[in-house]
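The values are calculated or read from the model by the stated rules, or taken from the named source; none is laboratory data. Because the structure is a prediction, the values reported are computed rather than measured. Cβ coordinates were reconstructed from backbone atoms using ideal geometry, including for glycine residues, and neighbour counts include every protein chain displayed. Surface accessibility is based on the protein's heavy atoms, side chains included, excluding ligands, DNA and RNA. Shrake-Rupley method; radii C 1.70, N 1.55, O 1.52, S 1.80 Å.
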Amino acid sequence: MPRVASRSELEALLDDDVPYGDLTTDALGIGAMAGAMQFSARDQMVLALAEDAAALIELAGCRVELTAPSGARLEKGAAILTARGPASALLRSWKVAQTLIEIWSGVATEAHAIVVAAQAVAPGIAVACTRKNVPGVKRFAVAAVRAGGAAMHRLGLSETVLVFPEHCAFLGGTPLTDVVAQLRRAAPEKRLVIEVATLEQAVAGAVAGFDVIQAEKFSPDQIAALVARMNAVAAMGARPIIAAAGGVNAANAADYARAGADVLVTSAPYVARPRDVQVHIAPV
């Protein structure tokens, strides 16, 4: 996978950690000594942001050989990259690059776990991660999600139409059929999604013509009941896509897939624990 951050973004990461030079390295007088640095997986992981980490180390002044690409499934001890250069450059880039891989490989690994659990039951099901990631790091979040084999649910508010109850509160009781008609005129090539909290709201949204019913915090049993109702509604037209959202994770993804959901919408990968990267630095 190509790197996702620009040169200036990577430089900003380095400057944030080393704004005025490396006091310890400078004080010891070892900065000009030649050295090598190896990154490897301390435990199983799906690798993410490896290309960005390599580019960051190169910006610091090293030569880097990337052994594994983002998206690779690594076993414990698997090599990730090797860097060579002066000690000052190795020590300046070490922790930033390590942390970049550790945090986002945690996201990728959890996304992959959800995909695997769901697709073991329903091979055609999609897993989509929400936009509820840490503000300011969307590029990294999207890259990690994709490395894990999942898709993005929404990149932001600008490219998708999703009607929340919070929107409906401002519509003054406007019939949903009229809402659908207005949305089709305003965004004619977009799928229309509505979030619902009850089975009755889901049926109303389907009858009104929404393309996707996003069931918020439904249990797997409630999703199964919703799928049955939507199949009945389909006799009057096309069956909407059923997206299960809220509380979906690797532990229950198979249950939601078994219940018949078409899409699992989740934020769980964003709070996954980082995956450990072992770093070895030595003079050469």
Within segment 1-60, residues touching a strand residue (DSSP E or B) at 6+ places or on another chain (Cβ under 7 Å), of a type in the set (A, V, I, L, M, F, W, C) and farther than 14 Å from K95 by Cα come out as A32, M33, A34, A36, A41, M45, V46, L47
Scanning segment 80-94 residue by residue, those more than 13 Å from G29 (Cα to Cα) and outside any helix (DSSP H, G or I) turn out to be I80, L81, T82, A83, R84, G85
Scanning segment 216-245 for residues that are out of contact with any helix residue (DSSP H, G or I) (no Cβ under 7 Å at 6 or more places or on another chain) and at pLDDT below 90, the one most open to solvent (accessible area, probe 1.4 Å) turns out to be M236
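Keeping to segment 29-43, report how many residues are open to solvent by 40 Å² or more (accessible area, probe 1.4 Å) and either without any contact (Cβ under 8 Å) to a residue 12 or more places away in the chain or assigned to a loop (DSSP other than H, G, I, E, B) (or both). Full working, then the answer.
In the first step, residues of segment 29-43 are kept if they are open to solvent by 40 Å² or more (accessible area, probe 1.4 Å); the result is 29-30, 32-34, 38, 42.
Of the ones still in play, those that are also either without any contact (Cβ under 8 Å) to a residue 12 or more places away in the chain or assigned to a loop (DSSP other than H, G, I, E, B) (or both) are 29-30, 32-33, 42.
The qualifying residues number 5.
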Residues in segment 44-69 that are open to solvent by less than 50 Å² (accessible area, probe 1.4 Å), under 20 Å from the mean Cα position of the chain (by Cα) and not β-branched (V, I, T) total 9
Being at pLDDT 95 or above, surrounded by fewer than 16 Cβ atoms within 10 Å (Cβ to Cβ) and acidic (D, E) narrows D178, D211 down to just D178
For segment 114-134, the count of residues that are in a helix (DSSP H, G or I) and more than 12 Å from V248 (Cβ to Cβ) equals 4
Note on segment 71-107: residues open to solvent by 50 Å² or more (accessible area, probe 1.4 Å), under 22 Å from V142 (Cβ atoms) and among the aromatic types (F, W, Y) are none
All-but-one check, A89 against (1) of a type in the set (G, A, S); (2) farther than 23 Å from D17 by Cα; (3) in contact with a helix residue (DSSP H, G or I) (Cβ under 6 Å, 6 or more places away or on another chain), failing number (2)
